[in-house]
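Here's the structure we're looking at; comments come further down.
The values are calculated or read from the model by the stated rules, or taken from the named source; none is laboratory data. These numbers were taken from a predicted model, which means no experiment stands behind them. Cβ coordinates were reconstructed from backbone atoms using ideal geometry, including for glycine residues, and neighbour counts include every protein chain displayed. Keep in mind that these areas ignore ligands, DNA and RNA; they rest on the heavy atoms of the full protein, side chains included. Shrake-Rupley method; radii C 1.70, N 1.55, O 1.52, S 1.80 Å.
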Amino acid sequence: MTLLVTGASGHLGRLVVEALLDGGTPAADVVATARTPESISDLADRGVQVRRADYTDPASLDAAFVGVDRLLLVSGSEVGQRVAQHANVIDAAKRAGVGFVAYTSITRADTSDLALAAEHRATEELLAASGLPHALLRNSWYLENYTGQLSTVLEHGAVLGAAGDGRVSAATRADYAAAAAAVLAGGDHDGAVYELGGDHAFTLDEYAGAVARVTGREVAYRDLSVEEYTAALVAAGLPEGYAAVLADSDRGLSEGAMFTDSGDLSRLAGRPTTAVEDALRAALVAVP
């Protein structure tokens with residue numbers, strides 16, 4: 001059985017390939033794709049089939065999907081272009097006779113009012129219309145969205161946000177990758193909708209407290225309005241449109257948009273999800 005992971009040069013896709021290999025899937029049965037295959041040449045050295053696949057180039061997708069039984073569609077990173085790109089992938093999978101597609105979506109994409117959810121909802125609808133057997137992997141937030149900002153948080157002694165006391169079920173990319181690999185590797189997942197999130201949800205105030213405990217530094221959460229948070233992100237150098245999307249996501253967090261207590265993630269991964277404190281300790285290694 002040949003398993004294909006798209007976006008294998010990205011953080012999540014790469015980790016899914018690693019999880020498949022660690023779980024005993026023969027390297028020769030794994031296809032890893034990227035727009036620039038050279039970026040994952042080390043996987044080829046390990047026996048993985050490395051192929052070029054560009055979401056905007058249907059011919060590359062047709063070539064990449066030859067002989068593939070099961071496919072993981074890792075959602076694209078280009079917000080605003082993802083529906084058309086994902087449609088290309090789904091159409092190519094159908095032409096190739098792929099037997100199963102798993103898609104990395106977002107928490108309750110079918111009902112969420114988050115700006116980020118719209119393209120995921122549209123992709124889920126495309127999958128349903130395609131007739132392809134498929135499963136939806138609705139990921140909550142990545143812990144790395146927070147721990148990746150650790151040096152800035154420590155510099156200013158503050159976690160900024162607009163999430164109020166909303167709880168987020170964040171988990172590490174490795175946690176989500178383990179679940180995706182389990183679904184891709186086999187089993188009856190056709191029609192499944194998995195709401196994936198960490199075992200222990202937290203507020204951003206609780207996250208700030210965890211940072212303080214782990215680092216021994218004074219860190220507090222500063223809750224801003226959506227407008228103030230957008231302005232702060234723009235001042236930090238983010239494009240205004242992207243800043244607005246992130247601030248809207250925090251607005252959603254305040255209303256529970258990224259919270260799930262389904263337990264699906266740890267069940268699929270076969271282990272508890274990573275604790276916030278452990279993720280912070282790992283992130284500290286990269287902090288000057």
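What is the residue count in the stretch 239-276 for residues that are among the acidic types (Asp, Glu) and surrounded by fewer than 19 Cβ atoms within 10 Å (Cβ to Cβ)?
The total comes to 4.
Return the pairs, sorted by first residue and then second, in which the second residue is assigned to a loop (DSSP other than H, G, I, E, B) and at pLDDT below 95, the first residue lies in the stretch 104-119 and is under 12 Å from PHE259 (Cβ atoms) and among the small types (Gly, Ala, Ser), the beta carbons are less than 7 Å apart, and the residues are 6+ apart or on different chains.
Close Cβ pairs satisfying both conditions: none exist.
Just one of the numbered conditions (1) in contact with a His (Cβ under 7 Å, 6 or more places away or on another chain); (2) in a strand (DSSP E or B) is not true of LEU126; which one?
For LEU126, the exception is condition (2).
Give the stretch 162-174 a look and list any residue that's open to solvent by 50 Å² or more (accessible area, probe 1.4 Å) and either part of a strand (DSSP E or B) or within 12 Å of VAL211 (Cα to Cα) (or both), or say none.
Answer for the stretch 162-174, where residues must be open to solvent by 50 Å² or more (accessible area, probe 1.4 Å) and either part of a strand (DSSP E or B) or within 12 Å of VAL211 (Cα to Cα) (or both): there is none.
Looking at SER9, SER39, SER60, which one is surrounded by 16 or more Cβ atoms within 10 Å (Cβ to Cβ), of a type in the set (S, T, N, Q) and outside any loop (DSSP other than H, G, I, E, B)?
Going through SER9, SER39, SER60 in turn, just one is surrounded by 16 or more Cβ atoms within 10 Å (Cβ to Cβ), of a type in the set (S, T, N, Q) and outside any loop (DSSP other than H, G, I, E, B): SER60.
Which residues, taken from the stretch 210-221, are open to solvent by 60 Å² or more (accessible area, probe 1.4 Å) and without any contact (Cβ under 8 Å) to a residue 40 or more places away in the chain?
GLY216
Name the residue that is modelled with the lowest pLDDT, counting only residues in the stretch 145-175 that are closer than 15 Å to LEU233 by Cα and β-branched (Val, Ile, Thr).
Ranking the candidates gives THR152 first.
Answer yes or no: is there a residue in the stretch 87-97 that is open to solvent by less than 60 Å² (accessible area, probe 1.4 Å) and touching a residue at least 60 places away in the same chain (Cβ under 8 Å).
Yes; the residues of the stretch 87-97 include at least one that is open to solvent by less than 60 Å² (accessible area, probe 1.4 Å) and touching a residue at least 60 places away in the same chain (Cβ under 8 Å).
Taking the stated definitions as given, is ARG251 out of contact with any helix residue (DSSP H, G or I) (no Cβ under 6 Å at 6 or more places or on another chain) and either modelled with pLDDT of 95 or more or among the polar types (S, T, N, Q) (or both)?
Considered against the rule, which asks whether it is out of contact with any helix residue (DSSP H, G or I) (no Cβ under 6 Å at 6 or more places or on another chain) and either modelled with pLDDT of 95 or more or among the polar types (S, T, N, Q) (or both), ARG251 comes out as no.
Might you let me know whether the stretch 151-161 holds any residue that is part of a helix (DSSP H, G or I), in contact with a helix residue (DSSP H, G or I) (Cβ under 8 Å, 6 or more places away or on another chain) and open to solvent by 10 Å² or more (accessible area, probe 1.4 Å)?
Within the stretch 151-161, one or more residues are part of a helix (DSSP H, G or I), in contact with a helix residue (DSSP H, G or I) (Cβ under 8 Å, 6 or more places away or on another chain) and open to solvent by 10 Å² or more (accessible area, probe 1.4 Å).
How many residues, within the stretch 15-36, are open to solvent by 30 Å² or more (accessible area, probe 1.4 Å) and without any contact (Cβ under 8 Å) to a residue 40 or more places away in the chain?
8
Do we have any residue at all in the stretch 65-73 that's open to solvent by 30 Å² or more (accessible area, probe 1.4 Å), touching a residue at least 24 places away in the same chain (Cβ under 8 Å) and either of a type in the set (A, V, I, L, M, F, W, C) or within 14 Å of GLY13 (Cα to Cα) (or both)?
Yes, the conditions are met somewhere in the stretch 65-73.
Is there a residue being of a type in the set (Phe, Trp, Tyr), farther than 23 Å from ASN139 by Cβ and crowded, with 17+ Cβ neighbours inside 10 Å anywhere in the stretch 191-209?
no
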